[in-house]
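The values are calculated or read from the model by the stated rules, or taken from the named source; none is laboratory data. Keep in mind that what you see is a predicted model, and the values were worked out from it rather than measured. Backbone-built Cβ (ideal geometry, glycine too); neighbour counts: all protein chains shown.
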Amino acid sequence: MPHRRLLLLCLVQCGVANGFSVQPQSPSFLPERSGLDINSNPSIGPSLVQPYTNGEASTNVSDGTTAIILNTNARSVTKDLEPLAASIFGTSHVFCTTTEVEAKQAADHIVQNLQSYKLVVPVGGDGTLASMINYLCDSIGGDVDEAMGKLPLIGYIPLGTGNGVGSVIGCRLSRGLARGTKRRKRKRLEHIMNALRRVGQGTLPKSNDFEVVEMPMMEVTHPVDGQVPTPRGDLCFFAGVGFDSLMLNDFKNIKAWSHKTGILRDFLGSVAGYCVALVVKTLPKCLVRGEHNIRVELTSNDPDCVWVDHRRGDMVRPCGEAKLYEGTTGILAAGTSPFYGGGLRLFPFARMTLDKMHLRLGRIHPVDGFVNIPSIFAGSYRDKSDRFGCLDFIGDDFEVRVQSTTAAPNSDGRGYPFQHSGESIGHVERFRLRVVKNSVRFVSFLKPRLERDD
């Protein structure tokens, strides 16, 4: 966690203020989303979909209403979680996934048994959560808005790096798991999992300290002039371009290099790898070559879109025209979740309405960013000057065109690094963010609102 805090302090100081660029070693472009036919590849068979089993008889087995998805690539998903989950939920309902193929097949199995599964629990980071929801909707098929409405309850256990959504639903396990004895960690996680099992079985009494909180997702698509829009994009809770996407792209390249060469593979694939990417690659490019500014053109398709006037005490004002902003910025990011990860409340207006996202442009000077680190983390920072160093918009449909202010943002001059859910996705020149109609229903670990105090 100290490494994560250090990283996010650097993000606020450099990224929210200016952002900076990257020179990837090998350009990666956004793949087309397509269904997976396991019958088309003989090496991919039902064996990959089989849930975890250790051959031992499980105790306290659930009635099959809860599915657990353990992403073994996540930072804090360790081997001892597999038998723990199996002992609580039953071996036939715990799925350990390492590859994209395994995750998709787990989603297919759950969708085929939607009448049985009342609760699905992804265990991992924000990327794990978003990916599993995407796979579930893909398996359900049809219109994405309708598919979202058919999802079961989601009981997210955040064991990744940033865990932004975990802060919203009140499940903050990372810090708890980082302290204390192994036995204490296991007891804490077992308590959470048992609570989720009772939710899945519908046995939680009304007086229990758990409730359901709804949060919408954004659909990311990449329009191209003269081409038919893609039928479905990626679903996520936050996305953007600028410092964060550039640093994540550097981290992705460093991690790929370490896996290829075998040098410091575990170290560079951990949280420390983010700091290495920041110090070794991204900061030098920012300071030496000035690859830290992007030029954007921001428009909205939402007639009810508003901007937040910090000078007037966060008064919301109608935007009027479709074009909202054109110029340079260090970061352009949007989210339906207030938290970006690691406690950074980058989108304080994200849940001010039920069906909108918060889009933020960060244009403040690096010195201002450094001085205001505490308030930026808390989500209370406001730029009340006429320089408009921080522009905040609330709407449900935005479109962005982006280009580098330097000669070559990547090796062949196409696009700019883009991220969603804390993962580097590829390079884009244009993208659209749209709030999906139906929200995800999360099991919350925060107490319900106080209604009476005797």
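Has region 253-270 got at least one residue that is buried (at least 17 other Cβ atoms within 10 Å of the Cβ) and among the charged types (D, E, K, R)? Looking through region 253-270, at least one residue is buried (at least 17 other Cβ atoms within 10 Å of the Cβ) and among the charged types (D, E, K, R). LEU196 meets all of the listed conditions (1) at pLDDT 90 or above; (2) buried (at least 20 other Cβ atoms within 10 Å of the Cβ) but one, namely (1).
The condition of being part of a helix (DSSP H, G or I), in contact with a Ser or Thr (Cβ under 6 Å, 6 or more places away or on another chain) and under 12 Å from LEU235 (Cα atoms) holds for only one of ALA130, ALA147, that being ALA130. For region 257-272, which residues satisfy the criterion of being under 22 Å from CYS286 (Cα atoms) and not aromatic (Phe, Trp, Tyr)? Across region 257-272, the qualifying residues are LEU268, VAL271, ALA272.
Any residue at all in region 349-361 that is modelled with pLDDT of 85 or more, among the aromatic types (Phe, Trp, Tyr) and crowded, with 24+ Cβ neighbours inside 10 Å?
No, the conditions are met nowhere in region 349-361.
The residues listed here are SER444, SER375, SER380, SER424; of these, the one that is polar (S, T, N, Q), touching a helix residue (DSSP H, G or I) at 6+ places or on another chain (Cβ under 8 Å) and over 23 Å from ASP234 (Cβ atoms) is SER444. Out of SER385, SER380, SER337, report the one residue that is touching a Phe, Trp or Tyr at 6+ places or on another chain (Cβ under 9 Å) and not charged (D, E, K, R). Among SER385, SER380, SER337, only SER337 is touching a Phe, Trp or Tyr at 6+ places or on another chain (Cβ under 9 Å) and not charged (D, E, K, R).
Screening THR405 with (1) β-branched (Val, Ile, Thr); (2) in contact with a Ser or Thr (Cβ under 8 Å, 6 or more places away or on another chain); (3) at pLDDT 85 or above; (4) within 14 Å of THR328 (Cβ to Cβ) gives one miss only, at (3). From the residues in region 72-102 that are free of Cβ contacts under 8 Å to residues at least 40 places away in the same chain and surrounded by 22 or more Cβ atoms within 10 Å (Cβ to Cβ), which one is nearest to the chain's Cα centre (by Cα)? My answer is THR97.
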